[in-house]
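Below is one structure, written out as structure tokens, with a few remarks after it.
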Amino acid sequence: MARSDGKSMRQFTRREFGQLTTGSLLMASTARAADRTDGATETDICIYGGTASGVMAAVAAARDGWRVMIVEPSRWLGGMTGGGLDHVDWGREEEVWRFDARDSETGA
């Protein structure tokens, strides 16, 4: 993907990707929603979905010089990873219900 200045996005090593993932998840766990505005916002890239991969994509694009906005329809950034439910819990119905009950109590 080429930027408006003609440069292309850089490739990441596995180590850089791991560091980016960890940093993105930490950032997502402490992020707060911005106040709503009625005005227009200029951005180069709009990412719909504040999942771990959405946050990683936003951080990578921002580091490459793009103006990025993440739009997340829920109040939760980080997707299943940010919510404490990850791939080891898939298929474990009791864990899914436990997190669902917690979210019902907290209003998440």
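The values are calculated or read from the model by the stated rules, or taken from the named source; none is laboratory data. Model, not experiment: these values are computed from the prediction. When we count neighbours, we look across all protein chains shown, and the Cβ atoms used for this are built from the backbone with ideal geometry, even at glycine.
Side notes on the structure shown:
- Among the residues of the stretch 27-61, the ones that are at pLDDT 80 or above, more than 12 Å from Glu72 (Cα to Cα), among the β-branched types (Val, Ile, Thr) and not in a loop (DSSP other than H, G, I, E, B) come to 2 in all.
- Scan the stretch 38-80 for residues that are of a type in the set (A, V, I, L, M, F, W, C), loosely packed, with under 13 Cβ neighbours inside 10 Å and touching a Gly at 6+ places or on another chain (Cβ under 9 Å) and the total you get is 1.
- Asp5 surrounded by fewer than 13 Cβ atoms within 10 Å (Cβ to Cβ), at pLDDT 60 or above and part of a loop (DSSP other than H, G, I, E, B): no
- Condition met for Ser24 (surrounded by 10 or more Cβ atoms within 10 Å (Cβ to Cβ) and at pLDDT below 70): yes
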